[in-house]
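Novice: I'd like to ask some things about the structure below.
The values are calculated or read from the model by the stated rules, or taken from the named source; none is laboratory data. Nothing here was measured: the structure is a model prediction, and the numbers come from that model. Quick reminder, even Gly has a Cβ in these numbers, built from the backbone with ideal geometry, and neighbours come from all protein chains shown.
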Amino acid sequence: MKVAKLVAAAVMASAFVLPTALPAVAAGNDKPQPPGLAKQDTLRWAAPKNVRIGTAVAGGGHHETMPYANPFTSDQQYREVLAAEFSSVSPENQAKWEFIHPQRDQYRFAEMDAIVEFAQQNGQVVRGHTLFWHSQNPAWLEQGNFSKDELRSILKDHITTVVGRYAGKIQQWDVANEIFNDNGTLRTTDNIWIRELGPEIIADAFRWAHEADPKAKLFFNDYGVESINAKSTAYVKLIPKLQAQGVKVDGFAVQGHLSTQYGFPGDMQANLQRFDDLGLETAVTEIDVRMNIAAGTKPTAEQLAKQSSYYQRALEACLNVEDCKSFTIWGFNDKYSWVPVFFSGQGEATVMWEDYTRKPSYYALQSTLLKANPGGDQAFGPPPRLPAVTPAVASKS
Ligand code: G3I
């Protein structure tokens, strides 16, 4: 949405006052509902018609080491909130190489299949993540001592097989993830593909993805590229070069893993705009806002307010750029967030408390969406009520 449009929308929205906590009672239904299940009280309903509001779907990665069952297959409330609140879903780990391709001659599709099926049942799109990365690759690949020809054919087979399996069902693929260092040089040591096959392999990855699913939008995705800096500028230079070679690149995505201990990247909108100016779609694909927090304590009101403002400003940055149409949070419940597992002494990074009640950051997103879209939009909602978790679903994990 252009700035002028957003300002006009905000003026119209100011005609009504947003309550700090929207009632958890659906219009015309006097039964209280859990948060997120009332039709006009969800993020997806509040979002402008052409903007997808998404979340990562918990599973794999750090979840496998935590003392809880797989949230997606075992936590019914998780599934209900996931269906009700979001119009886009991203596999947090379930489409990464180590998960979906655990042996050279073996793919493991059940978890990703279940996410895609869930999305289709609930009117959601799927962001595929990811095909070409330096991390979470299986040992058979990283330690295989393959020849260049073998590696090239392994990558082509993987992209063709995975993208092909979900052809027509994935809205956007993060084809290449985190390919640059912070100083704007390519990751030539830890990225097996670039190290062994040279930078030209990046173009091939996009070509193979496009051949396997001509309709999927193909993205670069990275962290630390919210601002105008050496890394984001490296993408500004690379993408037009690829396009000049006839490679289809549709978009550039900023992950958005933010922390209240650092300042908000105030030039985020300007940065997204320079990709928009190249004719690309943009997206925010993994936002969370972590904070320093001592074990067993709760965030202060100041910390929560700062966190809310970061979520709000990031969302506004996206809404103010015309072709930023996908805004995804990296998990919606603090219980399942990757942050405390990865950053000792930090956490509380998402928009819901462990009991699924909403944090101020949730309301910051909701009110920002409503301001851009007075009255809400029903294009992507409401989803159907899900059947309870069944042993058949649970056994797919
Ligand atoms: O591989 C080690 C294994 O050797 C070790 O025994 C085990 C014990 O803890 O840990 C294993 O690593 C885990 C890894 O997943 C492997 O699957 C890490 O601890 C765990 O923290 C990691 O979590 C995932 C992380 O990606 C890996 O980079 C998170 O679940 C996932 O949320 C996170 O997602 C990434 C995006 O894909 C890309 N952008 C950054 C984002 C956050 O890191």
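Novice: Please indicate, with yes or no, whether at least one residue in segment 124-142 is crowded, with 17+ Cβ neighbours inside 10 Å, closer than 28 Å to Ser227 by Cα, small (Gly, Ala, Ser) and under 18 Å from the mean Cα position of the chain (by Cα).
Specialist: yes
Novice: In segment 237-268, how many residues are closer than 28 Å to Arg290 by Cα and more than 18 Å from the chain's Cα centre (by Cα)?
Specialist: Within segment 237-268, residues that are closer than 28 Å to Arg290 by Cα and more than 18 Å from the chain's Cα centre (by Cα) number 8.
Novice: Moving on to the next point. Got a sec? Which of Gln243, Gln269 is crowded, with 18+ Cβ neighbours inside 10 Å, polar (S, T, N, Q) and closer than 30 Å to Lys49 by Cα?
Specialist: Testing whether each residue is crowded, with 18+ Cβ neighbours inside 10 Å, polar (S, T, N, Q) and closer than 30 Å to Lys49 by Cα leaves just Gln269.
Novice: OK, next. Looking only at segment 331-361, which residues are away from the ligand (no atom under 16 Å from the Cβ) and either without any contact (Cβ under 8 Å) to a residue 24 or more places away in the chain or out of contact with any strand residue (DSSP E or B) (no Cβ under 9 Å at 6 or more places or on another chain) (or both)?
Specialist: Hits for segment 331-361 are Trp353, Glu354, Asp355, Thr357, Pro360.
Novice: Next question. Look at Asn292 and say whether it is out of contact with any helix residue (DSSP H, G or I) (no Cβ under 6 Å at 6 or more places or on another chain), within 16 Å of the ligand (Cβ to nearest atom) and modelled with pLDDT of 95 or more.
Specialist: no
Novice: Which residues, counting only those in segment 77-92, are within 16 Å of the ligand (Cβ to nearest atom), under 22 Å from Gly376 (Cβ atoms) and either in contact with a Cys (Cβ under 8 Å, 6 or more places away or on another chain) or not in a helix (DSSP H, G or I) (or both)?
Specialist: Selection gives Ser88, Val89.
Novice: Provide a single number: the residues in segment 291-348 that are over 23 Å from the mean Cα position of the chain (by Cα), part of a loop (DSSP other than H, G, I, E, B) and not polar (S, T, N, Q).
Specialist: 7
Novice: Could you grab the pairs with beta carbons closer than 6 Å, sequence gap of 6+ or different chains, first residue in segment 57-75 and over 13 Å from Asn333 (Cα atoms), second one of a type in the set (Gly, Ala, Ser) and modelled with pLDDT of 95 or more?
Specialist: Asn70/Gly59
Novice: Being more than 13 Å from the ligand (Cβ to nearest atom), without any contact (Cβ under 8 Å) to a residue 40 or more places away in the chain and closer than 17 Å to Val57 by Cβ is the filter here; which residues of segment 98-112 pass it?
Specialist: Matches in segment 98-112: Arg108 only.
Novice: Which residues, taken from segment 37-62, are part of a helix (DSSP H, G or I) and under 17 Å from the mean Cα position of the chain (by Cα)?
Specialist: Leu43, Arg44, Gly61, His62
Novice: So, one more: Looking only at residues that are assigned to a helix (DSSP H, G or I) and within 16 Å of the ligand (Cβ to nearest atom) in segment 116-151, which one is farthest from Gln255 (Cα to Cα)?
Specialist: Restricting to residues being assigned to a helix (DSSP H, G or I) and within 16 Å of the ligand (Cβ to nearest atom), the top hit is Trp140.
Novice: So, of the residues in segment 279-316 that are of a type in the set (Ser, Thr, Tyr) and within 24 Å of Trp173 (Cα to Cα), which turns out to be surrounded by the most Cβ atoms within 10 Å (Cβ to Cβ)?
Specialist: Per the stated criteria, the residue is Thr285.
Novice: Please enumerate the residues belonging to segment 172-200 that are away from the ligand (no atom under 16 Å from the Cβ) and surrounded by fewer than 20 Cβ atoms within 10 Å (Cβ to Cβ).
Specialist: The answer is Asn183, Gly184, Thr185, Leu186, Thr188, Thr189, Arg195, Glu196, Leu197, Gly198, Pro199, Glu200.
Novice: Within segment 201-248, which residues are over 16 Å from Leu186 (Cβ atoms) and in contact (Cβ under 8 Å) with a residue 60 or more places away in the chain?
Specialist: Ala209, Ala216, Lys217, Phe219, Glu226
Novice: Out of the residues in segment 100-110 that are of a type outside the set (A, V, I, L, M) and surrounded by fewer than 22 Cβ atoms within 10 Å (Cβ to Cβ), which is farthest from Trp330 (Cα to Cα)?
Specialist: Asp105
Novice: Continuing with this model, one more query. Of the residues Ala69, Ala95, Ala167, only one is within 13 Å of the ligand (Cβ to nearest atom), at pLDDT 95 or above, part of a loop (DSSP other than H, G, I, E, B) and of a type in the set (A, V, I, L, M, F, W, C); which?
Specialist: None of the other options fit; the residue is Ala95.
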